[in-house]
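Student: Here it is: the structure, laid out below.
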Amino acid sequence: MLQLNDYIPELEDLVERALDEDLAGGDVTSNALIPTRIIGTACFIVKDRGILAGIEIARLVFNIIDPFLKFTTLIADGNSVKPGNIAARVEGDVADILKGERTALNFLQHLSGIATQTSLYVEAVKGFPVKILDTRKTLPGLRILEKYAVSVGGGVNHRMNLGDMSLIKDNHIAILRRQGLSISEIVRRARNNTPQNIKIEIETTNPEEAAEAAEAGADMVMLDNMSLDQMRQAVSLIAHKSIVEASGGVSLDNVRLIADAGVDWISIGALTHSARALDISMKLTF
């Protein structure tokens with residue numbers, strides 16, 4: 001699982017920017033109505049079923065606003081939650097708590113939604129030796145957190161950035177095809193010009209291309225938007241020479257059928273770009 005502790009400086013910068021965005025003009029409502037140093041307690045109340053993710057980011061929000069606020073985690077990331085559960089509470093100056101409410105909830109609801117969505121896909125393929133992967137279809141600036149949420153939901157992170165892997169996609173192939181290169185030649189060029197520690201994957205559109213890529217030594221072969229019959233044929237032709245990834249058109253309705261086709265990985269952009277936020281609210285209880 002991706003560890004947030006490895007990214008503390010980046011996360012602190014992200015949270016500070018989020019708070020700057022929300023507090024650019026200060027909290028005029030609280031400033032006008034709430035006397036200073038009123039002490040209270042607020043609870044984060046879950047209103048939907050799902051998987052919790054982002055509770056420590058919520059803590060970071062309040063720590064940055066006021067280090068004297070006391071944040072207590074009651075349900076850790078990765079746990080199932082249901083309506084009525086209290087995920088955390090924060091105690092201290094009420095005006096400061098209100099300043100962090102929306103920013104903390106935005107992170108917590110969004111990340112919990114991704115973790116929940118991912119868990120549904122992982123559960124749907126239970127029993128098959130297949131991994132559910134995310135993609136780089138993340139909101140700009142939120143990639144670390146969104147991929148963290150995928151891992152909390154039981155998924156596996158694909159490349160974090162363009163430097164993690166050589167992934168030869170359709171536009172790369174289109175350029176090189178114009179130069180007369182075959183799939184095999186494209187894979188070999190990538191191998192010759194890529195550091196040895198970097199894995200090479202190539203996107204293919206039919207079983208014949210997939211088999212050619214595997215034979216040329218691609219570490220991973222992506223089956224892009226292939227039918228189930230094409231996937232089965234590609235898996236048979238590749239015959240364990242490469243890791244086989246299915247991508248494109250994946251949904252909860254067909255993901256188990258794709259797993260049954262024999263692929264090793266299933267990558268799903270919807271894990272991050274289409275997850276519905278989990279309903280969570282913050283209420284002052286004093």
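Student: Restricting to the range 4-37, count the residues that are in contact with a strand residue (DSSP E or B) (Cβ under 9 Å, 6 or more places away or on another chain) and either modelled with pLDDT of 95 or more or small (Gly, Ala, Ser) (or both).
Tutor: Result for the range 4-37: 0.
Student: Ok, one more. With the condition kept exactly as written, say whether any residue in the range 181-198 is surrounded by fewer than 22 Cβ atoms within 10 Å (Cβ to Cβ) and touching a Phe, Trp or Tyr at 6+ places or on another chain (Cβ under 9 Å).
Tutor: no
Student: If you don't mind, another one. Yes or no: the range 108-118 includes at least one residue that is buried (at least 24 other Cβ atoms within 10 Å of the Cβ) and not assigned by TED's automatic domain parsing to the domain that holds residue 59.
Tutor: No, because not a single residue in the range 108-118 is buried (at least 24 other Cβ atoms within 10 Å of the Cβ) and not assigned by TED's automatic domain parsing to the domain that holds residue 59.
Student: Being of a type in the set (A, V, I, L, M, F, W, C) and touching a strand residue (DSSP E or B) at 6+ places or on another chain (Cβ under 6 Å) is true for just one of 183, 175, 243. Which residue is that?
Tutor: Unique residue meeting the criteria: 243.
Student: Scan the range 22-44 and give yes if some residue there is within 18 Å of the chain's Cα centre (by Cα), within 22 Å of residue 146 (Cβ to Cβ) and either of a type outside the set (D, E, K, R) or buried (at least 16 other Cβ atoms within 10 Å of the Cβ) (or both), otherwise no.
Tutor: No.
Student: Please verify whether residue 244 is under 20 Å from residue 150 (Cα atoms), of a type outside the set (Gly, Ala, Ser) and in contact with a helix residue (DSSP H, G or I) (Cβ under 9 Å, 6 or more places away or on another chain), treating the condition exactly as stated.
Tutor: The answer is no for residue 244.
Student: Within the range 209-236, restricting attention to residues that are surrounded by fewer than 16 Cβ atoms within 10 Å (Cβ to Cβ) and touching a helix residue (DSSP H, G or I) at 6+ places or on another chain (Cβ under 7 Å), which residue is nearest to residue 117 (Cα to Cα)?
Tutor: Per the stated criteria, the residue is 228.
Student: Moving on. What are the residue pairs meeting all of these: first residue in the range 131-153, first residue on the phi < 0 side of the Ramachandran plot, second residue of a type in the set (Ser, Thr, Tyr) and surrounded by fewer than 19 Cβ atoms within 10 Å (Cβ to Cβ), Cβ atoms under 7 Å, and 6 or more apart or on different chains?
Tutor: Correct list of pairs: 144/7.
Student: Would you be able to tell me the number of residues in the range 122-155 that are crowded, with 22+ Cβ neighbours inside 10 Å and of a type in the set (Phe, Trp, Tyr)?
Tutor: 1
Student: Test of understanding: among 45, 64, 51, 86, which residue is closer than 17 Å to residue 152 by Cα and either out of contact with any Gly (no Cβ under 9 Å at 6 or more places or on another chain) or at pLDDT 95 or above (or both)?
Tutor: That would be 51, the only listed residue that is closer than 17 Å to residue 152 by Cα and either out of contact with any Gly (no Cβ under 9 Å at 6 or more places or on another chain) or at pLDDT 95 or above (or both).
To keep it simple, each residue is scored yes or no on (1) on the phi > 0 side of the Ramachandran plot; (2) in contact with a helix residue (DSSP H, G or I) (Cβ under 6 Å, 6 or more places away or on another chain); (3) among the β-branched types (Val, Ile, Thr).
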position: 37; (1), (2), (3): yes, no, no
position: 59; (1), (2), (3): no, no, no
position: 71; (1), (2), (3): no, yes, no
position: 78; (1), (2), (3): yes, yes, no
position: 81; (1), (2), (3): no, no, yes
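The values are calculated or read from the model by the stated rules, or taken from the named source; none is laboratory data. Since this is a predicted model, take the numbers as computed values, not measurements. FYI the Cβ positions are ideal-geometry reconstructions off the backbone, even for glycines, and counts take in every protein chain you see.
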